[in-house]
Amino acid sequence: MLKVLIVYDSRSGNTEKMAHVVAEGVEEEGVGVEVKKVEDASVDELPEVDGLILGSPVYYGLPTGRLKEFIDASVKYHGKLDGKVGGAFASAGGSHTGAETTIIALNEALFIHGMVIQGTSGSNHYGAASVGAPDDKDADNCKELGKRVASLVKRLHG
Ligand SMILES: Cc1cc2nc3c(=O)[nH]c(=O)nc-3n(C[C@H](O)[C@H](O)[C@H](O)COP(=O)(O)O)c2cc1C
C-alpha cells in the first residue's frame, strides 16, 4: 500500500493538531498514513514510504532543533529518497512572523533529498500554516495539503 509519513514536533500541541488533520486528508485519498512525533520517528522508515510531510512550530522563523536533528540524521538515506513526494506545515505565534520561512526551510531540505513538492495556487501556497491552534480555515488548508500530497503520491507511485 502507498504510504505517507508525517513527522512533526510540538511542545504545546498546536502543530500536533495540524498533523492529525493533514493525516485525515491523506486518508481521504485512500493512501496509508503514519503520524509520528519527531522524538518517536526514525529515519530508517524513510526508504519505505512514498511521501514525507514535515511539521514544525516556528522557532525564530525556522523549524525546531529537533526537526533539524531528524533532517540531519536523514543523510543516512541521501540519494535514496529521490522522487518521493514531500510537503510541510508550520504553526506560528503570529501572522507574518515566520510560518512561511519555516515551511520553506523544511521544503528546502526535502528538495535536497530530490523530493517532489507541489505548491498550490489556492491559499497557503508553500504548505499549511496556522497561528496557534488551527482554526477551521487552517484545518481546511491542512486537510488540503494531505490530500494533494496523497494525490501526487498516487500519480507518481501508484
Ligand atoms: C523558542 C520559541 C521560539 C519561537 N519563535 C517564534 C517565531 O519566531 N515566530 C512566531 O510566530 N512564533 C514563535 N514562537 C511561537 C510558536 O511557534 C507557537 O506558539 C506555536 O504555535 C507552537 O507550536 P506547538 O504548540 O506545536 O508547540 C516561538 C516559540 C518558542 C518556544
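Which number in (1) of a type outside the set (A, V, I, L, M); (2) out of contact with any strand residue (DSSP E or B) (no Cβ under 7 Å at 6 or more places or on another chain); (3) crowded, with 18+ Cβ neighbours inside 10 Å marks the one condition that HIS78 misses?
So HIS78 meets the others, but not (3).
Residues of segment 33-57 being in contact with a helix residue (DSSP H, G or I) (Cβ under 8 Å, 6 or more places away or on another chain), more than 16 Å from the ligand (Cβ to nearest atom) and of a type outside the set (Asp, Glu), which ones?
VAL33, VAL43, LEU46, PRO47, GLY51, LEU52
Please enumerate the residues belonging to segment 1-27 that are within 13 Å of the ligand (Cβ to nearest atom) and of a type outside the set (A, V, I, L, M).
If the condition is that a residue be within 13 Å of the ligand (Cβ to nearest atom) and of a type outside the set (A, V, I, L, M), then TYR8, ASP9, SER10, ARG11, SER12, GLY13, ASN14, THR15, GLU16, LYS17, HIS20 are the ones that fit.
Suppose the filter is touching a residue at least 40 places away in the same chain (Cβ under 8 Å), basic (Lys, Arg), closer than 15 Å to LYS147 by Cα and out of contact with any Leu (no Cβ under 7 Å at 6 or more places or on another chain); does LYS17 pass it? Reasoning before the result, please.
Numbers: touching a residue at least 40 places away in the same chain (Cβ under 8 Å): yes; basic (Lys, Arg): yes; closer than 15 Å to LYS147 by Cα: no; out of contact with any Leu (no Cβ under 7 Å at 6 or more places or on another chain): yes.
When the stated conditions are applied, LYS17 does not pass them.
Taking segment 116-151 on its own, how many of its residues are over 14 Å from the mean Cα position of the chain (by Cα), part of a helix (DSSP H, G or I) and away from the ligand (no atom under 16 Å from the Cβ)?
3
Scanning segment 85-115 for residues that are surrounded by fewer than 18 Cβ atoms within 10 Å (Cβ to Cβ) and over 14 Å from GLY132 (Cα atoms), which turns out farthest from the ligand (Cβ to nearest atom)?
The initial filter retains those residues of segment 85-115 that are surrounded by fewer than 18 Cβ atoms within 10 Å (Cβ to Cβ), namely 93-97, 101, 104, 108, 111-112, 114.
Then drop every residue that is not over 14 Å from GLY132 (Cα atoms), which leaves 101, 104, 108, 111-112, 114.
Numbers: THR101: 9, ILE104: 14, GLU108: 17, PHE111: 22, ILE112: 23, GLY114: 28 Å.
Once the filter is applied, the top-ranked residue is GLY114.
Since every read-out is calculated from the coordinates, none of them should be taken as a lab result. Model, not experiment: these values are computed from the prediction. In this analysis, Cβ positions are derived from the backbone assuming ideal geometry, glycine residues included, and neighbour counts consider all displayed protein chains.
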